[in-house]
Amino acid sequence: MNSVQFKNLDLNLFRVLLALLEHRSVSRAAEELALTPSAVSHALGRLRTALGDPLFERRGGGLTPTQYAIEVGRRVTPSLDQLRHALNREEFDPMTAEAEFVIGAGAYAALVLLPPIIDRLSKIAPGIRLRMRRPEDHASEDVEHGRLDMLIGVSSNVTGELDWRPIATDRMVWIARKGHPIVRNPLTMEMLSEVGHVIIEKFNRVLATGYPELRRFFDESRQLGDATRAAVAGQRRKRGLGAAVILSDPMHAIATVAQSDHVSLTLNGLARSFPTDKIQILEPPHPTPAIELGVIFHSSREREPGFSWLLSILVDSNRSARSVA
């Protein structure tokens, strides 16, 4: 699309595109937009011509978007939201507002931090939707460029014009299955040296980046070091108890620990979200730092009434239970 085409492009066409991406149906999109189906079809035709892409194809009785349509929708959504907020002179009323916020949230946020938020929103802001997306390695860039409204993470992920607000503090614990033949309270380094380890790869990497003292533990701990090398090399451990298991999902790691003789180092809040009759939570025999998690967002978004309101909800809802002990 050249500059002349863009100059003459009706921005309302992108509202049609987003409705079609959500509903995959001309009639349902028309209902949401308070338009006739023929008006939606006409708008889609204009957008196809302007963008030089079919955007949608009919398959199985519905509309299937092209990859280009998905990408355009992903990029224009934050821009349209910002434009709507910029033009809105009214005070934000959570009881009547209708908006969607896209949050980068991993297992910890979904299981520990967000449930009380979601419960509260259902009572005070029924028209507010939270769309959760699993954070990728470029999640901070997604926040900076508006592809994510906010990200739950540690402060080390803050770069450029991003800001961070703390919402919870947690601590590291070891977990093992109930009835483990070796591991029990009080936990010792000798016990840890005699068992296999489940390593939460990305989880450990992210935390260690923000907490140098934890990184030193990951790097220098003979148990974790041996376990990682054994897993990468595909070797059996000398004691015959099995090499480490390296997983990317913290809850998969806990589930693996609950059904094996392996152990894992994880956050206390995550451990307590798992049935306590399946695992035992053990205090580390080594020093580990407190872990502070918070909301990462673009500093300019605080000027938006709706965004500022949601940010305050996230911070205030966890303030009374800031420490997940």
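Just so you know, all these numbers are worked out from the coordinates, no wet-lab data involved. Keep in mind it's a predicted model, so treat the numbers as computed, not measured.
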Classified through the alpha carbon gyration tensor (a ≥ b ≥ c as square roots of its eigenvalues; rounded if a/c is under 1.5, else prolate when a/b is larger than b/c, else oblate), region 74-194 comes out prolate
Amide H contacts under 5 Å for G196, restricted to residues at least 5 apart in sequence or on another chain and with H modeled in the peptide plane, are V263
Along region 168-181, Karplus-curve 3J(HN,Hα) (6.51, -1.76, 1.60; θ = phi - 60°) to the nearest Hz, with x for Gly and Pro, reads 7, 10, 9, 9, 8, 9, 9, 10, 8, 5, 4, x, 4, x
Residues whose built amide H sits under 5 Å from the amide H of V102, excluding neighbours closer than 5 in sequence, are R131, D149, M150
Sorted by chain and then number, the residues having a modelled amide H within less than 5 Å of the amide H of R171, at least 5 places away or on another chain, are N268, G269, I291
